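Undergrad: This is the structure I have questions about; it appears just below.
We did not get these values from a lab; they are worked out from the coordinates using the rules stated. Keep in mind the model is a prediction, meaning the values are calculated, not measured. Glycine also receives a Cβ, built like all others from the backbone with ideal geometry; neighbour counts cover every protein chain displayed.
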Amino acid sequence: MSDSPVAVEQHGPELLHHFVDAEQQRDAASLGMWLFLATEIMFFGGMFCAYLIYRFWYYNEFAAGSRSLDIWLGTINTAVLICSSLTVALGVRAAQMGKRKLLVILLLLTIVFGFAFLGIKGVEWYDKYKEHHIPGPSFNVDDLVKAYPQIHIDQQHEQIYFSLYFAMTGLHALHMIIGVGIFAFLTYYAWKRRYTPKYYTPIEMGGLYWHFVDIIWIYLFPLLYLIDRKPLR
Amino acid sequence: MFENLPLWPVRASSGAGNVDALYIFLLALSAFMCAAIFTMILVFATKYRRRRGVEAEQIEGSSALEITWSIIPLGIFMVIFLWGAVIYFHERTPPRGASEVYVVAKQWMWKLQHQEGPREINELHVPVGRDVKLIMTSQDVIHSFYVPAFRIKQDVLPGRYSTAWFRATKPGVYHLFCSQYCGTMHSGMIGQVTVMEPAQYEAWLSGGSTTGSLAASGESLFQQLGCPTCHRSDTQGRGPNLVGVFGKPVQLEDGRTVMADENYIRESILSPSAKIVSGFKPIMPVFQGLVGEEQLNALVAYIKSLSPAPSGAAGKPGSGPTGTRLQNVKE
Amino acid sequence: MATAAVVAEREHYLNKEYGIRSWLLTTDHKRIALLYLISITFFFFVGGFFALLIRLELLTPAGDLVQADTYNKLFSMHGQVMIFFFLIPSIPAVLGNFLVPLMIGAKDLAFPRINLLSWYLYMIAGLIYIHCIVTGGVDTGWTFYTPFSTAFSNTRVIEAGIAIFVAGFSSILTGLNFVVTIHRMRAPGMTWSRLPLFIWAHYATSIIQLLGTPVLAITLLLVVFERAFNLGIFDPTRGGDPLLFQHLFWFYSHPAVYIMILPAMAVESEVVACFTRKRIFGYNFVAMSSIAIAVFGFLVWAHHMFVAGISLYAALVFSILSYLVAVPSAIKVFNWTATMYKGSISFTTPMLYAFGFIGLFTMGGLTGLFLACLGIDVHVHDTYFIIAHFHYIMVGGAVMGYLGGLHFWWPKISGRMYPEAWGRLAAMLVFVGFNLTFFPQFILGYMGMPRRYWQYPPEFQVLNVLSTAGSTVLAVGYVLPMVYFLWSMRYGKIAEDNPWGAAGLEWKTSSPPPTFNFDEEPEVTWEAYNYEQIPAPAEVPVER
Amino acid sequence: MSSKFYYTIWIALLCLTVITAAVSFVDLGRFNTVIALVIATFKALLVVLFFMHVKYTSEKLTKTVIVAAIFWLLLLLLLSMADYTTRLLA
């Protein structure tokens, strides 16, 4: 997807010709980034809308599908992303204070957390693949029907839950991949001493993007994993 | 007055006149607005065209004027809204006791079945003066049932029923169009609605092959599929007793209450676990893929026939015979 | 192509550098505007070609010119090309790109490189779409309704979907750039209440682009996923709701109508003010009505679904909300008309387009009342009445606005005057041809002719013949400006800096402007449309 | 802002994550969903206000953008639900 990296346009450390001063340049970048995040909210919003309607219609299937996900991996992944948000926040602070080495380390840590998240996500997807829970001709949830006899599951409707699951986590993961790419870029330039306490807008903007992707996951986690975990009667 | 104008569609249903009246009102309103604005522009353009030595007069604007020309249109709009809403409400609420025609749309034909039994393809015969309710579904993509002479249109969706109704008022042959784009031969998915005098219609009805009523074929299908083992007509069955269910609210296991309409019955056959009736277990097998749309229609018609026809059908001439027939099936 | 015509010695954005690289790697908003101009003109003629074939096919009731499948592809691709590759970018990406920084006194847009990227995204989308066209095309209608698009169409839906997805991001980035520019880059003294109405309308447009387009993007992406990876979000056989697609689609696509029409209104405000030599009547109301249209425009989408099977109550809600958005549109028309009162009106080509715009937009807007009205919509939905209505808005409104604006600012863009007589002739041809093409379609629609019909019952033929006849006149009206604009770049009279005697910062710099727009940073000390302080030109400049 | 402050937010976020996962195992009827969403919103607020510095930004415009985006999202959700929740009534 072509949407994300562009919003963190790499301004040169020097003031670009069409701005009056550095403050105007920074304010423009910040507003631009926030507007971009607003469009991202609407982008995921379309899927949230579909989710809301189908959860309202097919609550049982959503409950069963949610139970079939690994809550441990989900929780760990949430924690991983929160840790990455911390390193990003600390990284922006390091950039502000001109601590170059610390900045590079924190950026690298963020990337590591990013990969950890994607790796765990990959494991979860692979499990779904093994269980034939990927929508399509080979989709089969007999295992869920057997495991949760108390929940009335319609196999067809169950596909809707998993379609949404894969669409939402897939697009979230795509955003993560883009984020890792952006951070690789930022790390390189941080290493190259491009950022100073006076000019670290790209770090800040990249950070905003990363936090946003974290927030999306903060919502995806309860919406997908925690629909219905209470003991079955 | 527009009946004989070639640029105006025929009015052949009880609702068409209402739609035309509102349309003429809107046309008059629009013509007036256009005339007013265009006249003003023309007058200003001639009167204030550029002349040497004459400067434009700078006028800031006027809040009073702005509010006036916001509020007055809004008031008119609300009148239009209400008028249109009344017509729409009327169009979307089929009168009780209407005779029913089940419609199955597929690429690219209309399959219709009267509750009395006769099947038609791309043709619909109806008598003058009888309320006809269409219960429609699609086998593939979205279609739309459109009869311009009746001013009715309703999209026909796969996976659920949508309904429309009309009362024809004028004998004749009218276009039936598919108005929702549905693929290659979208423009070939047309048919005709033949409106006949009641006597002629009865003759037409008895002239066709006697397959028995739709409800009757639904009943035999009901037997064939083994439904009566659980859905018994007493309270001892493992499934709910279906007598008198249709048209009444149903208490569900999860506490919700839903109206037992055509879509509810349809869903309960295809995906029984979606809405479990309070006090019953989800043991019914799924019939998705096992019964075709037309069989489903027959089953729905049968289950509807188990509920007494509403007595509100009085005062609608021509709806008599079907009402009694339905009640006969019941026992 | 634009570089060849320039002979003046003074350095400006066109002659500063030459060569293909200086254009393809430019970050100058004015050059990017010209890149857009060339590319959307190309797509306009592609879409126009499809339209002509459609009209020719409909000359006779039988489907005799092309196959049914071909016809279905023609109207689908006509819609998609015209909407996503011409109308959406037309005024914002060409005139907006050129004028927004000039009008607010900035050197460039806030993100010049993103601006260029947005053009490249548009070109990538365009190339994917052209590939889609030449390898078989797409037949879903421009609306991609499921389940036809996901499970039944055998054409290149995925490719078309991805092309429009990418084009959407181009549109988002343009909107983002405008909002940031308008917030951050205004010259000293250029307060919000001094902004030209052109800027207000573009600001409103950008809001829609930012908040609506992503929803279209995700919706099309889900359709693509459904075709490519067997996901089942809209699939009725798996319990999905085809109406959900329509909700999401129209959440963008109804406001998208305002993406097309608001910028045209932007142009009209400037043109009407200039050629009546007056401040626009009720500046505040016209400015706020743009914002109101952008906001209310998001509340009305399901009026496209009154017969689709939505609930009765939802239909009532969306119908009443639809009337809300009609009020600010009406305010604009009344204010333009009132501006002419006691003005000093000259009948130049842009003004003729403005007259045409007001007339056609009024008719399009009034017929919109018919469609928002539940009782009438049931009958006319999905008929030629709708076709006529939205062509009155999009062609009668948006394209007239675009052409009017192009004439109005052509001296600024190219530094040359276009031939006025030819301009007036083309404006008249467009107006007459347009009405001849689309007015009969209102009647056809009420008579019941459904849209997207390849063959039709013979009683509809007379009106269809009229319509086809009109479309040929319209085509001539559209080709003419392209010819004389090209001609004027070499042979046109050299334009003065402010040939119309217009207010606005863009006329205070030279024609064509220098690369950084102003030789000295402007400081604004006057209100918008201060026509009492600007001398009118001795005569309306006419070529030769 | 001191790094200690960021660590505090981080700890809070981790705790909330554990809490939301744990609470989901307790049968609270409908309130399970409500609590899960309230906690998620609280977490999101922590990230937006402190990690993304919205609390300390002097600019109203940033807040306006966020509020507008959420408002538009609610428009999409609520007006769509206006259809879906009333379909069975008719």
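Undergrad: Counting each DSSP H run of 4 or more residues in chain B as -39500 (n - 2.57), what helix-only mean residue ellipticity at 222 nm follows after dividing by all residues, to the nearest 500 deg cm²/dmol?
TA: Value at 222 nm, helices only: -11500 deg cm²/dmol.
Undergrad: Now a separate question. From largest to smallest, what semi-axes in whole angstrom does the range D:1-56 give when each is the square root of 5 times an eigenvalue of its alpha carbon gyration tensor?
TA: 26, 12, 5
Undergrad: Would you mind giving the mean number of other chain beta-carbons within 10 Å of the Cβ of each residue in B:154-166, as a whole number?
TA: That average works out to 4.
Undergrad: Among the lysines, which fall within straight-line cross-link reach of B:Lys133, defined as a Cα-Cα distance under 16 Å, with same-chain neighbours fewer than 8 residues apart omitted?
TA: B:Lys111, B:Lys153, B:Lys304, B:Lys316
Undergrad: Within a Cβ distance under 15 Å of C:Ile199, other residues only, what is the Lys/Arg minus Asp/Glu net charge?
TA: That sum, taken over residues with Cβ under 15 Å, equals -1.
Undergrad: Enumerate the aspartates and glutamates that D:Lys60 could reach by cross-link, defined here as Cα to Cα under 20 Å, with residues fewer than 8 away along the same chain left out.
TA: A:Glu23, A:Asp27, A:Glu204
Undergrad: Another question about this same structure. Let me know the mean shielding of C:107-119 by other chains, meaning the per-residue number of their Cβ atoms within 10 Å of its Cβ.
TA: Across C:107-119, the average partner-chain Cβ count within 10 Å equals 4.
Undergrad: Please list C:412-419, C:201-208 highest first by mean number of surrounding beta-carbon atoms within 10 Å per residue.
TA: Ranking, from highest mean packing down: C:201-208, C:412-419.
Undergrad: Okay, helix-only estimate at 222 nm for chain A: each DSSP H run of n ≥ 4 adds -39500 (n - 2.57), divide by all residues, round to 500 deg cm²/dmol; what do you get?
TA: -25500 deg cm²/dmol
Undergrad: Going by a ≥ b ≥ c, the root eigenvalues of the Cα gyration tensor, does the range C:436-544 fall in the rounded group (a/c under 1.5), the prolate group (a/b larger than b/c) or the oblate group?
TA: Cα axes put the range C:436-544 in the prolate bin.
Undergrad: Counting partner chain Cβ atoms within 10 Å of every residue's Cβ in C:346-352, what's the average?
TA: 1
Undergrad: Sticking with this structure for a sec: Let me have the 222 nm mean residue ellipticity of chain C computed from DSSP H runs of 4+ only, each contributing -39500 (n - 2.57), with the sum over all residues rounded to the nearest 500.
TA: My calculation for chain C gives -21000 deg cm²/dmol from helical runs alone.
Undergrad: Continuing with this model, one more query. Rounded to the nearest 10 degrees, what's the angle between the helix B:320-330 long axis and the longest principal axis of chain B, both from Cα atoms, 0 to 90?
TA: Result, in degrees: 40.
Undergrad: Taking the beta-carbon count within 10 Å as an exposure proxy, list C:Val307, A:Val88 from fewest neighbours to most.
TA: C:Val307, A:Val88
Undergrad: At a 10 angstrom cut-off on C-beta neighbours, averaged per residue, how do the peptides D:65-76, C:85-96, C:233-244 rank from highest to lowest?
TA: So the order, starting with the most tightly packed, is C:85-96, C:233-244, D:65-76.
Undergrad: First check a/c for the protein assembly as shown, with a ≥ b ≥ c the square roots of the eigenvalues of its C-alpha gyration tensor; if it is under 1.5, answer rounded, and if not, answer prolate when a/b is larger than b/c or oblate otherwise.
TA: oblate
Undergrad: With Cβ to Cβ distances under 15 Å as the rule, what net charge do the other residues near D:Leu45 carry (K, R +1; D, E -1)?
TA: +2
Undergrad: Taking only Cα atoms, what is the 0 to 90° angle, nearest 10, from helix A:201-220's long axis to the longest principal axis of chain A?
TA: Its long axis makes an angle of about 10 degrees.
Undergrad: Ok, one more. Would you mind checking C:Lys16/C:Lys508; C:Lys16/C:Lys107; A:Lys101/A:Lys121 for any pair whose Cα atoms are more than 25 angstrom apart?
TA: A:Lys101/A:Lys121
Undergrad: Which of the listed residues, C:Thr468, B:Trp165, A:Ser85, is farthest toward the dipole's positive end in the protein assembly as shown, when Lys, Arg count +1 and Asp, Glu count -1 at the beta-carbon?
TA: Towards the positive end, the residue furthest out is A:Ser85.
Undergrad: When the Cα centres of the range A:33-105 and the range A:140-187 are compared, how far apart do they sit, in Å?
TA: Rounded to whole Å, the Cα centres lie 14 Å apart.
Undergrad: Taking the Cβ of A:Asn77 as the center, what net charge do the other residues with Cβ under 13 Å away carry, scoring Lys and Arg +1 and Asp and Glu -1?
TA: Result for the neighbourhood of A:Asn77: -2.
Undergrad: Here is a further query. Going by Cα centres, the range C:470-544 and the range C:44-118 are how many Å apart?
TA: 24
Undergrad: Cross-link partners among aspartates and glutamates for A:Lys130, C-alpha distance below 17 Å, same-chain residues fewer than 8 apart left out?
TA: Reachable aspartates and glutamates: A:Asp70, A:Asp142, A:Asp143, A:Glu158.
Undergrad: Let me ask something else. Would you mind putting C:519-528, C:116-125 in packing order, based on average other-beta-carbon counts within 10 Å, highest first?
TA: Order by mean packing, descending: C:116-125, C:519-528.
Undergrad: I'd like the distance between the alpha-carbon centres of the range C:160-201 and the range D:31-45, rounded to an integer number of Å.
TA: After rounding, the separation between the Cα centres reads 35 Å.
Undergrad: Considering only DSSP beta bridges with both partners in the protein assembly as shown, what is the antiparallel share in %, to the nearest 5?
TA: 70
Undergrad: Which entries of C:Lys332/C:Lys412; B:Lys47/C:Lys332; A:Lys128/D:Lys63 show an alpha-carbon separation above 28 angstrom in the structure shown?
TA: Listed pairs above 28 Å: A:Lys128/D:Lys63.
Undergrad: Shifting gears a bit: Angle between the Cα long axis of helix C:384-393 and the longest principal axis of chain C, 0 to 90 degrees, nearest 10?
TA: 20
Undergrad: Now a separate question. Please compute the Kirkwood hydrodynamic radius over the range B:270-310, one decimal place, Å, based on all pairs of different Cα atoms.
TA: 11.9
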